[in-house]
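Below: the structure, in structure tokens.
The values are calculated or read from the model by the stated rules, or taken from the named source; none is laboratory data. Bear in mind that the values here come from a model prediction, so they are computed numbers and not experimental data. In this analysis, Cβ positions are derived from the backbone assuming ideal geometry, glycine residues included, and neighbour counts consider all displayed protein chains. With ligands, DNA and RNA removed, areas are computed over all heavy atoms of the protein, side chains included. Shrake-Rupley method; radii C 1.70, N 1.55, O 1.52, S 1.80 Å.
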Amino acid sequence: MNQMSLRRDASLPEGDEKRRSVERMFNRLAPSYDRMNRVISLGLDRGWRRHTVTELGLSPGSLVLDLACGTGDLCDELDAVGYQPLGVDYSAGMLAAAHTRAPLVRGDAAQLPMRAGSLDGVISGFALRNFVELTQVFGEIARVLRPGGRFAALDAAVPANPLLRAGNAIWFRGAVPVLGRVLSRHGDAYSYLLRSTAYLPAAAVLADALGEAGFTDARHHTLAGGSVLVLTGTRR
């Protein structure tokens with residue numbers, strides 16, 4: 001696979017411009033990020049993260065990387081079930097606001113600062129759409145995982161059901177940017193985060209991309225009526 005087919009929004013940045021704008025945005029959002037996550041998801045995001053951790057299915061003590069770890073919510077969930085978490089994020093602001101005790105490092109998902117085959121698992125929450133080149137990122141994840149290692153990612157999706165899709169649009173595209181302006185003064189950033197789902201290919205295309213990167217058993221399913229995507233695979 002040379003290029004994944006994406007649903008593009010001409011107003012969304014690409015390439016190095018995307019990398020810079022995403023970094024600046026998350027640096028700004030860091031102080032209020034956790035609170036807004038709870039509001040946007042109506043408090044359901046913690047359950048989605050726990051579900052994604054369960055999808056790893058690794059032995060206790062496994063070393064698991066939280067890719068684009070933000071403030072460390074997934075690191076804490078990994079620790080709670082007996083894994084050894086560590087986190088990587090490109091945003092210095094998010095790392096500075098982190099609340100986890102897990103070791104954290106600033107790094108690029110396309111050039112991970114880990115040795116080949118050194119990890120048992122990689123997990124990521126709501127970050128796939130923020131990477132510049134998913135093909136390269138999937139290749140890096142495959143590189144750092146041992147054979148049999150597991151990958152699990154959680155991200156936003158658009159429901160297939162018309163009624164649920166309408167409700168999703170009313171909440172996420174109507175109410176959430178307003179709440180972002182009121183609660184964090186960054187309504188423009190939350191508007192971008194919602195539009196950025198256009199970066200993601202269809203779930204089946206993502207699963208195929210995992211397969212081409214070196215994963216077997218690539219699967220996907222949704223939560224929250226189709227508003228949340230879970231993508232998993234096992235390193236060959």
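General observations
- Accessible carbon and sulfur surface of the range 52-153 relative to its total accessible area, %, 1.4 Å: 50 percent
- Rounded accessible area per residue of the range 27-91, 1.4 Å, Å²: 40 Å²
- Simple point charges give the picture: +1 on the Cβ of Lys and Arg, -1 on the Cβ of Asp and Glu, and for the chain a dipole about the Cα centre of about 360 debye.
- The listed residues S62, S191 rank as S191, S62 when sorted by accessible area, largest first, using a 1.4 Å probe.
- Heavy-atom SASA rank of I170, I40 (probe 1.4 Å, accessible area, largest first): I170, I40
- For peptides 134-146, 21-33, sequence by mean Cβ density within 10 Å, most packed first: 134-146, 21-33
- Degrees separating the helix 203-213 axis from the principal Cα axis of the chain, which is the longest one: 30 degrees
- R0 of 35 Å, Cβ-Cβ distance S21-R50: FRET efficiency to nearest 0.05: 0.70
- Dividing the mean sequence gap of close Cα pairs (under 8 Å, 6+ apart) by how many residues the range 93-236 holds gives a relative contact order of 27 percent.
- Per-peptide average of other Cβ atoms within 10 Å, ordering 83-89, 216-222, 203-209 highest first: 83-89, 203-209, 216-222
- Accessible surface, 1.4 Å probe, highest first, among residues H99, H51: H99, H51
- When the helices of the chain are scored as -39500 (n - 2.57) per DSSP H run of n ≥ 4 and the total is divided over every residue, the value at 222 nm lands at -11500 deg cm²/dmol.
- In plain terms, the chain from S59 to T216 could stretch by 54.6 nm, reckoned as 0.36 nm per residue minus the Cα-Cα distance.
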